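The values are calculated or read from the model by the stated rules, or taken from the named source; none is laboratory data. Owing to the predicted nature of the structure, the values given are computational and were not obtained by experimental measurement. Backbone-built Cβ (ideal geometry, glycine too); neighbour counts: all protein chains shown.
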Amino acid sequence: MVVEPGIAPQRTTDAPPRSTGELLRGLFRLSKLFVYQHYYGWGMAWLLVTPQARERPGTTLAMLLFLVGTMGVVTCTCSLDDLVGFRNGSDARNYNSGETKRNFSMKPLLSGRVTEREAVGFVSAAATVAILAGLGAFWALDWQAPLESYVLYGVMLCCIQYSGGMRLSYYPGGGEAALFLGTMSGLLAPFTAAQHEWSADAVLVAALLGLWLVMVSSYSNVNDVEGDRSVNRRTLAATAPKQVYKSAMVAFFVLSAGSTCLLAATERWPWWTLLTLLPALGLHLRQLREGPLREEWLTARRLGLYAFDLGFVGLLVPTLLVVL
């Protein structure tokens, strides 16, 4: 499929000649399941649950089902985002503009690997998996999980409407809020369900992961600003003056650094958590230089992903050595 810059691609429901393997590869690309950073929250939730809670009947099965539910939420959210972007033409515009002309293979609807009809069915199937897996997890715990864990899982499900339904990302600050709350809930829903209570360190770890993901997407949004404006997607970058969204990026960094200090001050975490998270802090500083200062937005986005990985490792080391 050839897509002209600035023109929405032709919508078709007829499948081009493809093998089953090609279709499956296209759906996998559409799902974004390979973006492993989405599962950091679930991994930290499992590690932060106390040994006593892990030994309760049904906890292991529930946590595995929460992982399946997380995969369903990620698949549904990302696939629906691509489907909406394909229908309104914003993805075609964004992939033909900005710092670089990006590879259409990252967007299987644009490249023709997946048809619109197949994407709709895939989104519906993923949403069903997300709901059923969550219900199965609470069933495995004999429905004894505290009320807040049900609410938090509901927040995760609501974040599916990032681009479709309520179109959360089409309102100023809505996309950032959805990513932040969805990431936090991805950790806190399984944690509180298995642990049967809150903990300050779990909340701080969840907040850090949420902030780190926002510190990726906010830079990507600047690069996509023209396509977003063309479809009235009112991201912070598309609606606010440069100084405002650049200041927001600095604020995200300050909040991340402050949360890191608070985590190191909690009872279960060692003070040297500050040292293990220092590489991530350094990369986030460099991200500010590449983004707000130099306006190299895609470079800054990549640095955000690397910082996210380093931050997770920085949390993992004290968790394995001390917290457990």
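Within the option set A133, A145, being assigned to a helix (DSSP H, G or I) and modelled with pLDDT of 95 or more holds for one residue only, A133. In region 92-113, the residues that are among the hydrophobic types (A, V, I, L, M, F, W, C) reach residues that are modelled with pLDDT of 65 or more and part of a loop (DSSP other than H, G, I, E, B) with C-beta atoms within less than 9 angstrom, at least six apart or across chains, in these pairs: A92/K107; F104/Y95; F104/G112; M106/Y95; L109/T115; L110/Y95.
The residue of region 263-319 that is nearest to A251 (Cα to Cα), among those that are of a type in the set (V, I, T) and out of contact with any Pro (no Cβ under 7 Å at 6 or more places or on another chain), is T299.
Anything in region 280-324 that is among the aliphatic types (A, V, I, L, M) and over 30 Å from N94 (Cα atoms)? List them, or say none. If the condition is that a residue be among the aliphatic types (A, V, I, L, M) and over 30 Å from N94 (Cα atoms), then V313, L315, L316, V317, L320, L321, V322, V323, L324 are the ones that fit. Restricted to region 231-296, the set of helices (runs of 4 or more DSSP H) holding at least 1 residues that are of a type outside the set (G, A, S) and touching a Cys at 6+ places or on another chain (Cβ under 8 Å) comprises 273-276. Does at least one position in region 72-88 carry a residue that is out of contact with any helix residue (DSSP H, G or I) (no Cβ under 9 Å at 6 or more places or on another chain), charged (D, E, K, R) and touching a residue at least 60 places away in the same chain (Cβ under 8 Å)? For region 72-88, residues out of contact with any helix residue (DSSP H, G or I) (no Cβ under 9 Å at 6 or more places or on another chain), charged (D, E, K, R) and touching a residue at least 60 places away in the same chain (Cβ under 8 Å): absent. Among the residues making up region 30-84, those that are among the charged types (D, E, K, R) and either within 24 Å of D201 (Cα to Cα) or surrounded by 22 or more Cβ atoms within 10 Å (Cβ to Cβ) (or both) are R54, E55, R56, D82. Residues of region 225-247 that are over 19 Å from the mean Cα position of the chain (by Cα) and either within 22 Å of L281 (Cα to Cα) or β-branched (V, I, T) (or both): V225, V231, T239, V244, Y245, K246, S247. Note on region 108-132: among residues that are among the charged types (D, E, K, R) and crowded, with 18+ Cβ neighbours inside 10 Å, the one that is farthest from I160 (Cα to Cα) is R113. Based on what the data block shows, is T50 β-branched (V, I, T), without any contact (Cβ under 8 Å) to a residue 24 or more places away in the chain and over 19 Å from T183 (Cβ atoms)? Judged against the criteria, T50 is not a match.
Please find, among Y171, Y153, the residue that is surrounded by fewer than 22 Cβ atoms within 10 Å (Cβ to Cβ), among the aromatic types (F, W, Y), closer than 19 Å to T77 by Cβ and in contact (Cβ under 8 Å) with a residue 40 or more places away in the chain. From the options Y171, Y153, the qualifying one is Y171. Just give me the residues in region 180-201 being assigned to a helix (DSSP H, G or I) and surrounded by fewer than 24 Cβ atoms within 10 Å (Cβ to Cβ), in sequence order. Selection gives F180, L181, Q195, A200, D201. When residues in region 214-230 are screened for being part of a loop (DSSP other than H, G, I, E, B) and of a type in the set (S, T, N, Q), 0 of them pass. For region 87-101, the count of residues that are in a helix (DSSP H, G or I), at pLDDT 90 or above and not hydroxyl-bearing (S, T, Y) is nonzero.
Within the set A257, A251, A200, the sole residue that is more than 18 Å from L293 (Cα to Cα), modelled with pLDDT of 95 or more and more than 17 Å from the chain's Cα centre (by Cα) turns out to be A257.
Residues checked against (1) small (G, A, S); (2) over 18 Å from S31 (Cα atoms); (3) out of contact with any Gly (no Cβ under 8 Å at 6 or more places or on another chain):
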residue	(1), (2), (3)
R117	no, no, yes
A137	yes, yes, no
Q144	no, yes, yes
G164	yes, no, yes
Y171	no, yes, yes
M215	no, yes, no
N223	no, yes, no
